[in-house]
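Only one structure is covered here, and it is reproduced in the block below.
Each value in this text was obtained by applying a stated rule to the coordinates, not by laboratory testing. Bear in mind that the values here come from a model prediction, so they are computed numbers and not experimental data. With ideal geometry, Cβ positions are generated from the backbone for all residues, glycine too; neighbour counts draw on all protein chains shown.
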Amino acid sequence: MAVPGTNEGYKRLEIYRLSHALAIRVHALSLRLPAIERYEEAPQVRRSAKRVPAGIVEGYDQRKYRDEFLRYLYRSLGSSDETLEHLEILLETGSTVEAEAKDLVASYGALSKMIARFIVGVERFHTTPAFITAHPQSTIHKPQSKIK
């Protein structure tokens, strides 16, 4: 029997798929950085890049609770912007291949905009997932008040 919420439905989200693919690209790029950057900047950019899809996954599993879902999405947005900053620093210091870094900078800029739009959608149109509403609250015994 499948546990509700564990069906990897987050993989249907475009923001997840893009953030996951970008995190893989950032990881690969970080392994090709000059020696000094491999110890200083590489771990930072890898962590921030990987936190973007991880936050989306965690938030998706908490989507029953609108505010919790939004909290994780905002963290993912922050991590996306942080990754963008690390990439811009690597680019401006000449520590990475210019064409690849410029493409990643543009991709993270677009990803941040997508996450921001997704957040707006959740803020405006959040509904409780179907697997929650499929179990009516009426099955829970609620004692009636004796006060009239």
Taking θ = phi - 60°, what integer Hz values does the Karplus form 6.51 cos²θ - 1.76 cosθ + 1.60 yield along segment 10-15, in sequence order, with x for Gly and Pro? 4, 5, 7, 6, 4, 5
Using +1 on the beta carbon of Lys and Arg, -1 on that of Asp and Glu, and nothing else charged, what's the dipole of segment 9-125 about the Cα centre, debye to 20? 680
Taking Cα atoms of segment 9-125, Rg/Rh with Kirkwood Rh, to two decimals? 1.01
